[in-house]
1. State yes or no: is D62 at pLDDT below 95 and open to solvent by 10 Å² or more (accessible area, probe 1.4 Å)?
2. Please go through region 114-132 and pick out each residue that is touching a strand residue (DSSP E or B) at 6+ places or on another chain (Cβ under 6 Å) and under 22 Å from D55 (Cα atoms).
3. Sort out which residues of region 201-257 are in contact (Cβ under 8 Å) with a residue 40 or more places away in the chain, more than 24 Å from Y361 (Cβ to Cβ) and in contact with a Cys (Cβ under 9 Å, 6 or more places away or on another chain), and write them in order of number.
4. Pairs, please: C-beta under 9 Å, at least 6 apart or cross-chain, first residue more than 20 Å from N295 (Cα to Cα) and small (G, A, S) and in region 163-184, second in a helix (DSSP H, G or I) and open to solvent by less than 10 Å² (accessible area, probe 1.4 Å)?
5. Out of (1) touching a Ser or Thr at 6+ places or on another chain (Cβ under 9 Å); (2) under 28 Å from A204 (Cβ atoms); (3) open to solvent by 20 Å² or more (accessible area, probe 1.4 Å); (4) of a type in the set (G, A, S), what's the single condition that is false for G385?
6. Evaluate region 351-360: report whether one residue or more is in contact with a Pro (Cβ under 8 Å, 6 or more places away or on another chain), in contact (Cβ under 8 Å) with a residue 40 or more places away in the chain and open to solvent by less than 10 Å² (accessible area, probe 1.4 Å).
7. Among all residue pairs at least 6 apart or on different chains, which show Cβ distances below 8 Å where the first residue, located in region 73-90, is under 26 Å from A180 (Cα atoms) and free of Cβ contacts under 8 Å to residues at least 12 places away in the same chain and the second is open to solvent by 10 Å² or more (accessible area, probe 1.4 Å) and part of a helix (DSSP H, G or I)?
8. Within region 11-35, restricting attention to residues that are of a type in the set (K, R) and more than 15 Å from F81 (Cβ to Cβ), which residue is least open to solvent (accessible area, probe 1.4 Å)?
Amino acid sequence: MAAPPTPLVFKVSRREPVLITPSEPTPHELKPLSDIDDQDGLRVQIPLICFYPYDPSMQRRDPVKVIKEALAKTLVFYYPFAGRLREGPKRKLLVECTGEGILFIEADGDVTLEQFGDVLYPPIPCLEELLFDVPGSGGMINCPLLLIQVTHLKCGGIVFAIRLNHTMSDATGLNQFLSAMCEMVHGAQTPSIQPVWERDVLNARNPPQVTCLHHEYDQLVDDTTDNVPLTKKTHRSFFFGAANISAIRGFAPLHLRHCSTFDVLTAFLWRCRTIALQPNPNDEMRILCVVNARNRFNPPLPRGYYGNCIAYSVAMATAGEISRNSLGFTLELVRKAKANVTEEYMRSVADLLVIKGRPWYTMVRSYLVSDVTRAMFAEMNLGWGKPKYAGPAKGNVASFQIPYRTKKGEDGVLVTLCLPTPAMERFVKELDSTFKEQSNGGGNAKSPLSSL
């Protein structure tokens, strides 16, 4: 069993933060967010990070100058990002498009990319140094909607880190913004995908009418043993290569082995995680799958829509059922939960959120999973090649599934997980024993713990 890497410690010196404004005049107007956007569960900041090795072209073009100019051009088209959120009646969020700009920090780190070694995956060491929380900038209302820090490394490489106010966009929307920025770097005058606001398409109906079951918004009392402070939790990442995923498929019944990698891996992890937590067998356990619902609409939402269009589809079963049954049991539940997300389901979610005052999705006895394997952050070329790692910087709330290539060149899926420390130790043992049994049966999948 591979031990977690020794934490890397380094210092970063930062210039004073500056505001990047659109390079051309933009409209000053109020733009309401959708009733999906402004739910409490999205009133959070989410960090993304990209590591770029040194490239000789960086000497010819100053990376910071390149990025700042590209951002200013991109904000002409995505000008709401340069505004500030205001809160109206009934907690309704609106963007005042003021053109004030996004927050930008230039910094120098006394560390090389090589010193990160093989730990270019969440949790990112010294994240607070690579993405500084500028005092007063982290709120929802009247604060910058994007914060970007570019850190020069001693080796000549750079770290590009971004913090997004989640009410503005989901992963698909953020990727669209960053792709437009990359196009500007490469000389484009306009984005290839024109941004579409149209947040009203995901507003509640009048009158609102909840037509579907939404257990993801059940208000539950948290009496679980895993409700402990982050300081008493362990945050780790696990790599699942093709052999691992093939081995997991082998545990599923024949009629379910065609299921997507996300479905198979999520069902497997939900079962292992439940066993590791050791809940009461009668406790109801939940999995919340973040589903991109753009193509669930007829017609689909406009291609350039960059608001949140996600649902937290939920499946439920008792801990005893999950632990006692084979992988096929949880796999069927995951598939059915995702299939529940339809256009009507999304309309019903918006209606419920308005009726109930925009509540949080429940995290009580819940495993929240987000698939970013299709977000294409790893394709983010700012003029000096693709990043060595690009994706979420941490996964202490959601468990992310991230496309990843190991140092040996093996492609697969990286999974972040955060559990109470004793439960993480049991989770690790469960993984090890599962793949050891498979190996003894003639399989060739190594434990995900030894693959990074």
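The values are calculated or read from the model by the stated rules, or taken from the named source; none is laboratory data. Just so it is clear, the structure is predicted and the values come from calculations on it, not from any experiment. Cβ coordinates were reconstructed from backbone atoms using ideal geometry, including for glycine residues, and neighbour counts include every protein chain displayed. For accessibility, only protein heavy atoms count, side chains too; no ligands or nucleic acids. Shrake-Rupley method; radii C 1.70, N 1.55, O 1.52, S 1.80 Å.
1. Answer is yes for this residue.
2. Answer for region 114-132, where residues must be touching a strand residue (DSSP E or B) at 6+ places or on another chain (Cβ under 6 Å) and under 22 Å from D55 (Cα atoms): L120, Y121, L130.
3. A252
4. These pairs meet every condition: A180/A70; A180/T74.
5. Among (1) touching a Ser or Thr at 6+ places or on another chain (Cβ under 9 Å); (2) under 28 Å from A204 (Cβ atoms); (3) open to solvent by 20 Å² or more (accessible area, probe 1.4 Å); (4) of a type in the set (G, A, S), the lone unmet condition for G385 is (2).
6. From region 351-360, those in contact with a Pro (Cβ under 8 Å, 6 or more places away or on another chain) are 351-355; that's our starting set.
Applying the additional criterion that residues be in contact (Cβ under 8 Å) with a residue 40 or more places away in the chain yields 351-355.
From what's left, open to solvent by less than 10 Å² (accessible area, probe 1.4 Å): 351, 353.
Yes, the conditions are met somewhere in region 351-360.
7. Going by the 8 Å Cβ cut-off, there are no qualifying pairs.
8. In this case the residue turns out to be R14.
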